[in-house]
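Note sheet for the following structure.
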Amino acid sequence: MISLLRGTVADKTLGRVIIDVHGVGYGVTVPLSTYYRLPETGGESELKIHTHMKDSGIELFGFLTEEEKSVFTLLIGVAGIGPRVATNILSNIAPDEFAASVSTGDLAKRKIPGIGPKLASRLVTELKDKVGELKMTGELHKEAGMLEDVMSALLNLGYKKGEIDERISEIEDISANESDIEAALRKSLKLMKMV
C-alpha cells in the first residue's frame, strides 16, 4: 500500500500529476486544491497517498495536506461516494469549510457540483459526528481557497488551462491580496483579457 510519494513533478494535467520517484513515474489523481499548489514540471513535491484497489488495478489519489486526505477518507466511507466523487468535492470546497458545513448542516447551500440536496443531506447525517474528530490544522490558507475559486470560475467561463497557467503567478498575487471572490475574479478577468 503506497501512503506517501516524494519526488519530482514529471508532468501535470488538470487533476492529474505524474511524480517521478527515482526513475519510476506514478500517476496520481489530485483535487484542484492540490493541483494548483503543486510546483511546475521539474519541481520537487510530496503527496500523501490513498491507494484505491479495484478489479482493473490500483489508482492513486494524492493530497498535499493531511486535512484533505482525512476528508477524502471520510467521504469514501459513505455509501455511493467513490474516490472520484470525493476528489470532485475536495476540488470545490476546502476541508475546513466542508467540516464546518457538515457540522452546521448547511452543506446543501454550498452548491458543490455533483452534490444535490439529497446527497448533501445524507453526508450531513452520516458525517456530522465524525467531522468533529478531524484535526483541522489550518494547513490550507485562505488565499489557496481563493485561488481555487478563481481558477475554477475562469475554467467554467471557457478559458483554457494553458491560458490560465500563462498568468498563474499574477492570478496568485490577486488571490492572495483580495478578501472578496468577486473582486478577485473581476481583476483576474481583466488580466486574462490583456493576453
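General observations
- The residues of the range 15-44 that are part of a strand (DSSP E or B) and free of Cβ contacts under 8 Å to residues at least 24 places away in the same chain, listed by number, are 16, 18, 20, 21, 24, 25.
- Members of the range 1-14 that are surrounded by fewer than 16 Cβ atoms within 10 Å (Cβ to Cβ) and of a type outside the set (A, V, I, L, M, F, W, C): 3, 6, 11, 13
- Single unsatisfied condition, residue 68 versus (1) free of Cβ contacts under 8 Å to residues at least 40 places away in the same chain; (2) on the phi < 0 side of the Ramachandran plot: (1)
- The range 45-68, residues that are surrounded by 11 or more Cβ atoms within 10 Å (Cβ to Cβ), of a type outside the set (Gly, Ala, Ser) and in a strand (DSSP E or B): 46, 47, 48, 49, 50, 51, 52, 59, 60, 61, 63
All of the numbers you see were taken from the coordinates with simple rules; none came from a lab. Because the structure is predicted, anything quoted here is derived from the model rather than measured. Positions of Cβ are backbone-derived with ideal geometry, glycine not excepted, and every protein chain shown enters the neighbour counts.
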